[in-house]
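A short worksheet on the structure shown next.
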Number of protein chains: 2
Amino acid sequence: MQKKEEKNSIIEICPVRNVIARFGNKWAFLIILILNENKIVRFSELCRMIPDISSRVLSGTLRTLEADNLISRKVYPVVPPKVEYQLTEIGLSLVPLINMLTEWAQTNMKKIIAHREQFETNSNAE
Amino acid sequence: MQKKEEKNSIIEICPVRNVIARFGNKWAFLIILILNENKIVRFSELCRMIPDISSRVLSGTLRTLEADNLISRKVYPVVPPKVEYQLTEIGLSLVPLINMLTEWAQTNMKKIIAHREQFETNSNAE
DNA sequence: CGGCATCCAGCCGGATACTG
DNA sequence: CAGTATCCGGCTGGATGCCG
């Protein structure tokens, strides 16, 4: 199961990245933001709010976030099934950071993308 | 070159993630932090400071960061070659955010990992 | 020294189909 | 409704070797 036990340089062990890497995936930030705005959201609502995500990936992402206790999952034993997701306290405490990242990105976006395009043009031209 | 032109849902276009995704990779954060502490670092120094990274991946990551104007690359036309990397202003402006993320991770790390392990145990047991 | 070329394994995310 | 099962393509990251 865990085979990276050997590669224990200071950096590979570094638990910070271990933690951060979990929501560095494609959808985690967005899901956290949506849960923050809507407080309690059902699975199918998330599906509709993020049209590009497949239910397989959505459920996987939710599972990871739940495992890390960033979101909580509540199942109602009814038919048809009903499952609600919401942020935990830890998840909530992450929201301001995500917002700051988002603001930073919005602020610097234009310059970054412009520079990126120019950089690639130069690379190709050279 | 760019074939995702069609998939232009609100989210897929979302430029914020487009920007953030670039340093959501395995080494970017760490490199930015190292450059912040050492101001000016040569390629081989980075190699030594991050023993787990291959030179191929390191140079790729540096290139991406340079393309986005987060770091600058200065080549000295000497033999043997000498290349120095340092943060740009934009890169520098990102440092506080990374530090906050790091602090957040350090604060919540233990709880998160504990919860994760318990979660996985439950999943296997059930 | 600072890369790039090549090759390759593993994982991530997407499409589709099916189920309690 | 809320997933799981299966399959699969592509990208990321790692190992190695070469080159100006």
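In summary, A:Cys47 fulfils each of the numbered conditions (1) more than 8 Å from DNA strand D (Cβ to nearest atom); (2) more than 10 Å from chain B (Cβ to nearest Cβ); (3) not β-branched (Val, Ile, Thr) with the single exception of condition (1). Within the stretch A:77-95, the set of residues being within 14 Å of DNA strand C (Cβ to nearest atom) and within 30 Å of B:Lys110 (Cα to Cα) comprises A:Val83 only. Are any of the residues in the stretch B:78-88 touching a strand residue (DSSP E or B) at 6+ places or on another chain (Cβ under 9 Å), of a type in the set (A, V, I, L, M) and outside any helix (DSSP H, G or I)? The answer is yes, given that some residue of the stretch B:78-88 is touching a strand residue (DSSP E or B) at 6+ places or on another chain (Cβ under 9 Å), of a type in the set (A, V, I, L, M) and outside any helix (DSSP H, G or I). Run down B:Ser55, B:Ser72 and say which single residue is within 11 Å of DNA strand C (Cβ to nearest atom) and modelled with pLDDT of 95 or more. Answer to the check: B:Ser55. Taking the stretch A:23-38 only, how many residues are touching a helix residue (DSSP H, G or I) at 6+ places or on another chain (Cβ under 7 Å) and modelled with pLDDT under 90? Matching residues across the stretch A:23-38 total 1. Residue pairs whose Cβ atoms lie under 7 Å apart, separated by 6 or more positions or on different chains, with the first residue in the stretch A:85-107 and of a type in the set (Gly, Ala, Ser) and the second modelled with pLDDT of 95 or more and outside any helix (DSSP H, G or I), are A:Gly91/A:Leu70; A:Gly91/A:Ile71.
Name every residue in the stretch A:39-51 that is touching a helix residue (DSSP H, G or I) at 6+ places or on another chain (Cβ under 8 Å), over 19 Å from A:Val95 (Cα atoms) and surrounded by 14 or more Cβ atoms within 10 Å (Cβ to Cβ), in order of residue number. Don't jump to the end; show me each part of the working.
Start the filter on the stretch A:39-51 by keeping residues that are touching a helix residue (DSSP H, G or I) at 6+ places or on another chain (Cβ under 8 Å), which leaves A:41, A:43, A:45-47, A:49-51.
After this cut, where a residue has to be over 19 Å from A:Val95 (Cα atoms) as well, the list is A:43, A:45, A:47, A:51.
Result: A:Phe43, A:Glu45, A:Cys47.
Only one of (1) open to solvent by 30 Å² or more (accessible area, probe 1.4 Å); (2) over 13 Å from the mean Cα position of the chain (by Cα); (3) within 16 Å of A:Trp27 (Cβ to Cβ) is not met by A:Val57, so which one is it? Looking at each condition in turn, A:Val57 falls short on (2).
For the stretch A:72-115, the set of residues classified as within 9 Å of chain B (Cβ to nearest Cβ), of a type outside the set (A, V, I, L, M), surrounded by 17 or more Cβ atoms within 10 Å (Cβ to Cβ) and within 21 Å of A:Ile20 (Cβ to Cβ) consists of A:Thr102, A:Trp104, A:Asn108, listed by residue number.
The values are calculated or read from the model by the stated rules, or taken from the named source; none is laboratory data. As the structure is a computational prediction, the values presented were derived from the model and not from experiment. Note that each Cβ is placed from the backbone with ideal geometry, even for glycine, and that neighbours are counted across all protein chains shown. For accessibility, only protein heavy atoms count, side chains too; no ligands or nucleic acids. Shrake-Rupley method; radii C 1.70, N 1.55, O 1.52, S 1.80 Å.
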